[in-house]
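I have placed the structure first, in the form of C-alpha cells, so that the comments after it can refer back to it.
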Amino acid sequence: MYRQRCVDAALAVFRDSRHILSAPRGGRAIAVSRKGNADTSGAWVWLACTACDAGRLQLAVANSATGREDIVRPRAWWQKYFDAVVRQLALRPLGAVAADPKLTRETVAEAARCAKCGPQGALQVYEYAEAMAKRIDEATSEVRERA
C-alpha cells in the first residue's frame, strides 16, 4: 500500500500543528504569557484575527517555562481551506494540492471579506500554501515502495 503510505505522510505533514502555528515570513511565533494568554500579534493572520468567525480547529499553545496553555482557533475561512486540502490529499497525496490555484483564490476571496484578514490574507495564504506544498512533496518523496 505505497499509495496509502504517501497519503498518510502527506496528511501527517499538513495536519502538523507545528506548521500551522509556525511564524510567517517577517512574523514571529505565538508566545504565551506566564498567565497563559497567547500573543498572536506576529502570527499568520488566520491565527491573529479575532474579528471574523473562528473555525472549529483548536490548537494548544504553551509557555515552555510555566506550562500554561491557551487555545488558538484559526478563522473559519482558513478552516475551509484546511478541510479542502485534507480531503484532496486523501485522493492525491501531492504538494500541488496545498497550492492549488483555484483553492487558494477561493481562500483569499474568503479572507478578503474580513477587514483585518484581507490586507495580509492573500500574501500569507500563498506563502503558507507554497511552504506546505514543499513539505508535503518532501515527506512523500521519502516514502519507499516495499520490495
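Every number in this text was worked out from the coordinates using simple rules, so none of it is lab data. Remember, predicted model here, so these are calculated numbers, not experimental data. Backbone-built Cβ (ideal geometry, glycine too); neighbour counts: all protein chains shown.
Provide the FRET efficiency to the nearest 0.05 for the LYS35-ALA12 pair, computing r from the beta carbons and using R0 = 30 Å. Rounded to the nearest 0.05, the efficiency is 0.35.
If one computes the Cα centroid of segment 115-147 and of segment 49-70, what distance in Å separates the two points? Each part's Cα centre sits 21 Å from the other's.
Return the Rg/Rh ratio of segment 52-100 with Cα-based radii and a Kirkwood Rh.
Dividing the radius of gyration by the Kirkwood radius yields 1.15.
The order of TYR126, TYR2, TYR81, going from fewest to most other C-beta atoms within 10 Å of their C-beta, is TYR2, TYR126, TYR81.
Reported value for segment 2-141: 104 Å³ per residue, from the convex hull of its C-alpha atoms.
The GNM of the chain, with springs linking C-alpha atoms under 10 angstrom apart, assigns the highest mean-square fluctuation among SER17, SER41, SER64 to SER64. For ALA76 and TYR126, the FRET efficiency from 1/(1 + (r/R0)^6), where r spans their Cβ atoms and R0 equals 25 Å, is about 0.80.
What stretch of the chain, leaving out the sites themselves, is the longest with no GluC sites (Glu not before Pro) in a DSSP loop having at most 16 other Cβ atoms within 10 Å? The longest uninterrupted stretch comes out as 1-141. Annotation note: trypsin sites (Lys or Arg not before Pro) in segment 1-77 located in DSSP loop regions with a Cβ neighbour count of at most 12 within 10 Å are ARG25, ARG28, ARG34, LYS35, ARG56.
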